[in-house]
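Reviewing the structure listed below.
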Amino acid sequence: MLHWSLTFDIQKWQMEFSKNGRVKCWTLIERSTWQLLETEGVLTCPISAANDDPIFQDAYAWMKHSMASAGILAPEPGLTPWWCWVRCGENHPEPYIEDAEGLHDPVVLQLSVPAEQIVLSCFDLWHFVLNKCYVWASELDEQDFDRAMENAEEGSDAASKLQRRMQKSWSAVFELDQTAVDMGPFEAKSIQGCFWTLRLADVTAVIERDALTSHH
């Protein structure tokens, strides 16, 4: 049942943000990677290229599992998905210059990705996954979970059940119109995307870092 609901939410927003079956998005990469894409035509991202912080590794593993549950499978083992912006904020879909921090000689690729290949999620709710926090469905639900956590002994069956309950709650990151956790109006939500294969044929524009505007 959970997989059906997850797939429904993912497909719903694939359709909502697509035009002619494709989703417009932006990914930030280093120029050397862009040059490699120009040469190879198709790139996947090895898991060794992902942030090696355990916090990120656990969250990425959960995202990969969620993508697989929705039928969006990695083309081969040992990969991590490409991340992109579908909408940075209200009236500002493309990335800000601050998003390029930490990249050596970055460029932004504007892409048109087949809708069925991309999973959209709420950027702000994603931090609940990163920080291993419970995504509550109501104020009462939040209070109930907090009480249960206080009473559960570490390593107990009750604690394990609460961990599963927490992980199940993370599916809300794919419910872009959820309102239980106030992330502002839908039109202003920051929306990110994940996909497995970066294709030169999907690149519609290359934007230099200096052309990006500041968030401040």
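Somewhere in the range 66-78, is a residue at pLDDT 90 or above, among the hydroxyl-bearing types (S, T, Y) and either within 20 Å of V203 (Cβ to Cβ) or touching an Asp or Glu at 6+ places or on another chain (Cβ under 6 Å) (or both)?
no
I need the full set of residues from the range 75-109 which are assigned to a loop (DSSP other than H, G, I, E, B), of a type in the set (D, E, K, R) and touching a residue at least 24 places away in the same chain (Cβ under 8 Å), in order please.
E76, E90, E94, D105
Over 14 Å from the mean Cα position of the chain (by Cα), of a type in the set (V, I, T), in a loop (DSSP other than H, G, I, E, B) and under 23 Å from L6 (Cβ atoms), is that true of V113?
No, not satisfied.
Among the residues of the range 171-216 satisfying the criterion of being within 23 Å of T7 (Cβ to Cβ) and loosely packed, with under 12 Cβ neighbours inside 10 Å, which is farthest from the chain's Cα centre (by Cα)?
Among those that are within 23 Å of T7 (Cβ to Cβ) and loosely packed, with under 12 Cβ neighbours inside 10 Å, it is T179.
In the range 39-69, how many residues are part of a loop (DSSP other than H, G, I, E, B) and touching a residue at least 40 places away in the same chain (Cβ under 8 Å)?
2
Tell me which of these T33 doesn't satisfy, since it passes every other one: (1) farther than 30 Å from S5 by Cβ; (2) surrounded by fewer than 17 Cβ atoms within 10 Å (Cβ to Cβ); (3) not aromatic (F, W, Y).
Here T33 meets the rest and fails (2).
Kindly indicate the residue of the range 191-216 that is at pLDDT below 95 and polar (S, T, N, Q) and also nearest to V113 (Cα to Cα) among those meeting that condition.
Ranking the qualifying residues of the range 191-216, first place goes to T213.
Evaluate the range 116-126: report whether one residue or more is in contact with a His (Cβ under 9 Å, 6 or more places away or on another chain) and assigned to a loop (DSSP other than H, G, I, E, B).
Scanning the range 116-126, I find no residue that is in contact with a His (Cβ under 9 Å, 6 or more places away or on another chain) and assigned to a loop (DSSP other than H, G, I, E, B), so the answer is no.
Mind listing just one residue for me: the one in the range 1-30 that is in a helix (DSSP H, G or I) and among the acidic types (D, E) and, of those, surrounded by the most Cβ atoms within 10 Å (Cβ to Cβ)?
Ranking the qualifying residues of the range 1-30, first place goes to D9.
With respect to I72, determine if the residue is surrounded by 13 or more Cβ atoms within 10 Å (Cβ to Cβ), in a loop (DSSP other than H, G, I, E, B) and under 18 Å from the mean Cα position of the chain (by Cα).
Spelling it out, I72 is indeed surrounded by 13 or more Cβ atoms within 10 Å (Cβ to Cβ), in a loop (DSSP other than H, G, I, E, B) and under 18 Å from the mean Cα position of the chain (by Cα).
Criterion first (out of contact with any Leu (no Cβ under 9 Å at 6 or more places or on another chain) and either exposed (fewer than 15 other Cβ atoms within 10 Å of the Cβ) or at negative phi (or both)) does K64 satisfy it?
So K64 fails the test.
Scan the range 34-63 residue by residue and report those that are among the β-branched types (V, I, T), closer than 25 Å to S190 by Cα and modelled with pLDDT of 95 or more.
T44
Which ones in the range 107-154 are among the small types (G, A, S) and surrounded by 21 or more Cβ atoms within 10 Å (Cβ to Cβ)?
Residue satisfying the conditions is S121 alone.
The values are calculated or read from the model by the stated rules, or taken from the named source; none is laboratory data. Note that the structure is predicted; figures quoted are calculated from it, not measured. We place every Cβ from the backbone using ideal geometry, glycine too, and count neighbours over all the protein chains shown.
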